[in-house]
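First the structure, in the form of structure tokens, and then the observations on it.
The values are calculated or read from the model by the stated rules, or taken from the named source; none is laboratory data. None of these values were measured; they are calculated from a predicted model. Heads up, the Cβs are rebuilt from the backbone with ideal geometry, glycines too, and the neighbour counts pull from every protein chain shown. What goes into the accessible areas is simple: the full protein's heavy atoms, side chains included, and nothing from ligands, DNA or RNA. Shrake-Rupley method; radii C 1.70, N 1.55, O 1.52, S 1.80 Å.
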Amino acid sequence: MTSDFSLRNGADSPTQFVAHSIENIRTQIGADSVVMGLSGGVDSTVAAKLIHKAIGNQLFCIFVDHGLLRKAEYEEVIESYQHIGLNIKGVRAADRFFSALSGVTDPEKKRKIIGHTFIEIFDQEALQVEGAKWLGQGTIYPDVIESTTKSGKTIKSHHNVGGLPETLKLKLIEPLRTLYKDEVRQVGSALGLSPLLLSRHPFPGPGLGIRILGEVTPVRVAILQEADYIFIKGLRDNNLYNKVWQAAAILLPICSVGISGGERTYEYTIALRAVHSLDAMSADWAQLPYDFLGHISNEIINNVKGINRVVYDISSKPPATIEWE
């Protein structure tokens with residue numbers, strides 16, 4: 001653990017950080033209740049486990065399914081949260097999000113619609129929690145930088161720190177806001193969370209909504225879910241998943257001519273993206289093996305109806321961002 005960790009967090013180790021945080025959270029919250037919207041990601045999971053460790057069932061967790069999750073992710077996340085003892089409620093709301101996104105193609109508008117719709121649904125659920133006076137969030141240090149600095153406002157508009165409405169009358173508790181991603185994982189390990197949970201790649205709050213360029217529809221989401229599933233499973237099966245920081249499939253609004261069953265097709269293109277990074281502030285594209293990329297390309301084209309072309313993104317951040325929108 002570096003001295004920088006000590007300077008920013010007042011703790012010499014993740015274990016000491018956990019102990020200090022538990023004491024501070026108990027003092028801060030008292031007998032109040034905390035509500036927290038979970039995403040299935042590492043940050044919100046570690047934050048929830050830390051808060052739960054401090055105040056137990058005074059924490060009420062809400063997982064909103066906006067219909068933009070990865071394949072089978074809703075069921076997997078709910079089960080994993082129940083397994084670690086969290087008080088979790090799942091809310092199915094895909095239809096509401098798809099309706100709000102209908103006809104929208106601008107990336108920033110999509111982010112804001114998803115963020116605002118999520119807050120509306122979360123607010124409705126939070127009002128049902130008796131004694132709720134606090135909102136728990138998994139905000140980490142890069143979120144703060146990219147969402148609250150003058151230049152960062154145009155980088156990320158959907159981070160936790162940037163999207164809270166004034167009508168949400170809850171005080172904030174963000175126990176991880178001084179940590180980088182690698183430090184969050186170390187704190188999660190100190191809390192006893194499984195390596196499988198802690199090794200999950202970052203996943204954006206707007207989900208697949210910003211990995212579909214152009215209008216977001218149920219059909220396009222279903223296509224991307226299948227392609228993404230093949231890519232991520234392939235990374236795991238070939239021991240490549242933990243060798244990259246983040247990986248994703250992106251559905252492009254570009255159709256091209258192909259051949260299937262001896263006939264011409266005119267279908268979508270999938271872009272595969274994998275990067276190396278330490279803190280998401282910068283990233284280099286991952287040089288995945290050619291034979292692996294060739295295999296994944298064939299698997300996607302042969303098994304996902306609506307796709308006839310796969311490309312690989314070799315752009316770094318900056319100037320490109322990790323996500324395409």
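Open to solvent by 30 Å² or more (accessible area, probe 1.4 Å) and touching a residue at least 40 places away in the same chain (Cβ under 8 Å): which single residue out of Thr105, Thr117 fits that description?
So the residue among Thr105, Thr117 that is open to solvent by 30 Å² or more (accessible area, probe 1.4 Å) and touching a residue at least 40 places away in the same chain (Cβ under 8 Å) is Thr105.
Give the residues of segment 298-311 that are polar (S, T, N, Q) and either surrounded by fewer than 16 Cβ atoms within 10 Å (Cβ to Cβ) or closer than 17 Å to Tyr241 by Cα (or both), sorted by residue number. Steps first, answer last, please.
Residues of segment 298-311 that are polar (S, T, N, Q), as a first pass: 298, 302-303, 308.
Correct list: Asn298, Asn302, Asn303.
Out of Val310, Val221, I need the residue that is touching a helix residue (DSSP H, G or I) at 6+ places or on another chain (Cβ under 9 Å), more than 20 Å from Glu73 (Cα to Cα) and at pLDDT 95 or above. Which one?
Testing whether each residue is touching a helix residue (DSSP H, G or I) at 6+ places or on another chain (Cβ under 9 Å), more than 20 Å from Glu73 (Cα to Cα) and at pLDDT 95 or above leaves just Val310.
Got a sec? Which of Glu125, Glu79 is under 24 Å from Leu176 (Cβ atoms), surrounded by fewer than 15 Cβ atoms within 10 Å (Cβ to Cβ) and out of contact with any His (no Cβ under 8 Å at 6 or more places or on another chain)?
Just one listed residue meets the conditions, Glu79.
Consider Ser315 carefully, then state whether it is loosely packed, with under 14 Cβ neighbours inside 10 Å, more than 16 Å from Asp237 (Cα to Cα) and not aliphatic (A, V, I, L, M).
It is false that Ser315 is loosely packed, with under 14 Cβ neighbours inside 10 Å, more than 16 Å from Asp237 (Cα to Cα) and not aliphatic (A, V, I, L, M).
Checking the condition part of a helix (DSSP H, G or I), of a type in the set (Lys, Arg), touching a residue at least 12 places away in the same chain (Cβ under 8 Å) and open to solvent by 10 Å² or more (accessible area, probe 1.4 Å), which residue from Arg70, Arg26 passes?
It is Arg26.
Limited to segment 262-279, what total is found for residues that are within 14 Å of Phe203 (Cα to Cα) and of a type in the set (Val, Ile, Thr)?
1
Kindly provide the set of residues from segment 213-233 that are open to solvent by 20 Å² or more (accessible area, probe 1.4 Å) and not in a helix (DSSP H, G or I), ordered by number.
If the condition is that a residue be open to solvent by 20 Å² or more (accessible area, probe 1.4 Å) and not in a helix (DSSP H, G or I), then Leu213, Glu215, Thr217 are the ones that fit.
Could you please give the count of residues in segment 38-65 that are open to solvent by 10 Å² or more (accessible area, probe 1.4 Å), closer than 26 Å to Phe98 by Cβ and over 12 Å from the mean Cα position of the chain (by Cα)?
Residues that pass the stated criteria total 1.
Among the candidates Arg177, Arg185, Arg236, which residue alone is part of a helix (DSSP H, G or I), within 30 Å of Leu135 (Cβ to Cβ) and open to solvent by 10 Å² or more (accessible area, probe 1.4 Å)?
Arg185
Report, ordered by the first and then the second residue, all pairs with beta carbons closer than 8 Å, sequence separation of six or more or different chains, a first member in segment 40-55 that is over 15 Å from Glu23 (Cβ atoms) and at pLDDT 95 or above, and a second member that is surrounded by fewer than 22 Cβ atoms within 10 Å (Cβ to Cβ) and among the basic types (Lys, Arg).
Within 8 Å, the pairs are Val46/Arg185.
Considering each residue of segment 239-250, count those that are in contact (Cβ under 8 Å) with a residue 60 or more places away in the chain and surrounded by 21 or more Cβ atoms within 10 Å (Cβ to Cβ), and give that number.
2
Scan segment 270-278 and give yes if some residue there is over 25 Å from Glu73 (Cα atoms), touching a strand residue (DSSP E or B) at 6+ places or on another chain (Cβ under 8 Å), open to solvent by 20 Å² or more (accessible area, probe 1.4 Å) and assigned to a strand (DSSP E or B), otherwise no.
Taking every residue of segment 270-278 in turn, none turns out to be over 25 Å from Glu73 (Cα atoms), touching a strand residue (DSSP E or B) at 6+ places or on another chain (Cβ under 8 Å), open to solvent by 20 Å² or more (accessible area, probe 1.4 Å) and assigned to a strand (DSSP E or B).
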